[in-house]
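**Q** To start, I am sharing the structure in question, which I have written as structure tokens.
The values are calculated or read from the model by the stated rules, or taken from the named source; none is laboratory data. Here the structure is a predicted model, which is why all the values come from computation and not from measurement. When we count neighbours, we look across all protein chains shown, and the Cβ atoms used for this are built from the backbone with ideal geometry, even at glycine. Keep in mind that these areas ignore ligands, DNA and RNA; they rest on the heavy atoms of the full protein, side chains included. Shrake-Rupley method; radii C 1.70, N 1.55, O 1.52, S 1.80 Å.
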Amino acid sequence: MEMIFWWTIFPYICGTILIVGTFYRFIFRGKSWYAPSTEIFEKKWLRFGSVLFHYGIIFAFIGHVMGVLIPIEVYEALGVGEHLYHMGAIAGGGIAGLMVVIGLVVMIIRKFSFPKVRVHTTFGDYFTIVLLLIIAALGTYMTLIYSYTVVAYEYRLTIGPWFRSLFTFQPLSELMLGIPTVFKIHVVLSFFLFASIPFTQLVHMFSFPVRYPTRAPQQYRSRNGYDKS
């Protein structure tokens, strides 16, 4: 039952919700396709936490592509052995994971520490940031602690082939049955996050800022027509 639902049915349910929900929001709720900034209420914490998080998530994404989407045979053909790969994954993945976790923690503290920011924070914002923090914390734990204290698990022989098989609609679900529990939780929560994207501000990740460098800057004016600061 575990093999059928979690590793065959569940990923496609989440993928369907992600695709259909994203298109629906773009077509019928296009005006909500944005991530409103609270920079006007507080800047220092936002700049540090947001920049750290966004750079960390980009590096983490690249790491997942290298570890999950690229077959192990490619690395073997390039002469990259298992030890060298894992050393690089631990160093790069560990740094990226810490960047994401620290960035998210800073942003959570900011939301609770500044009343104006807290007022403009919705349930969806808290849900997203907490779920991201749990997923990132698990990933960082697996990279920096689990790999050293338990075993340097070779996910490229199980999770990688299984994930790639989803795109061919011939899921190799049996590969996921013997993987460590912490990896299973990380994968399931990640798919749950994918399914939540159309209903949260994370949807803005699909907007490529082509016109950003040339667009006019946003201007803020006080109600009295001047800035007292």
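**Q** Would region 27-45 turn up any residue that is within 16 Å of the chain's Cα centre (by Cα), buried (at least 17 other Cβ atoms within 10 Å of the Cβ) and among the hydrophobic types (A, V, I, L, M, F, W, C)? Spell out how you get there, then give the answer.
**A** Here is the first cut: in region 27-45, the ones within 16 Å of the chain's Cα centre (by Cα) are 35.
Keeping just the survivors that are buried (at least 17 other Cβ atoms within 10 Å of the Cβ) gives none.
No - not one qualifying residue is present in region 27-45.
**Q** Enumerate the pairs (first residue in region 96-110 and over 16 Å from Gly124 (Cα atoms); second residue anywhere and polar (S, T, N, Q) and modelled with pLDDT of 95 or more) with beta-carbon separation below 8 Å, excluding pairs fewer than 6 apart on the same chain, so at least 6 apart or on different chains.
**A** Once the first residue is over 16 Å from Gly124 (Cα atoms) and sits in region 96-110, its partners that are polar (S, T, N, Q) and modelled with pLDDT of 95 or more give Gly97/Thr140; Leu98/Thr140; Val100/Thr140; Val101/Thr140.
**Q** If you go through region 135-187 one residue at a time, how many are touching a His at 6+ places or on another chain (Cβ under 8 Å), more than 22 Å from Gly81 (Cα to Cα) and open to solvent by 20 Å² or more (accessible area, probe 1.4 Å)?
**A** Residues meeting the conditions: 1.
**Q** Residues that are closer than 28 Å to Trp45 by Cα, at least 1 per element: which helices (runs of 4 or more DSSP H) completely within region 88-191 meet that?
**A** So the answer is 115-119, 123-141.
**Q** Which condition number does His54 fail, the rest of (1) within 16 Å of Gly160 (Cβ to Cβ); (2) open to solvent by less than 100 Å² (accessible area, probe 1.4 Å); (3) of a type outside the set (Gly, Ala, Ser) being met?
**A** (1)
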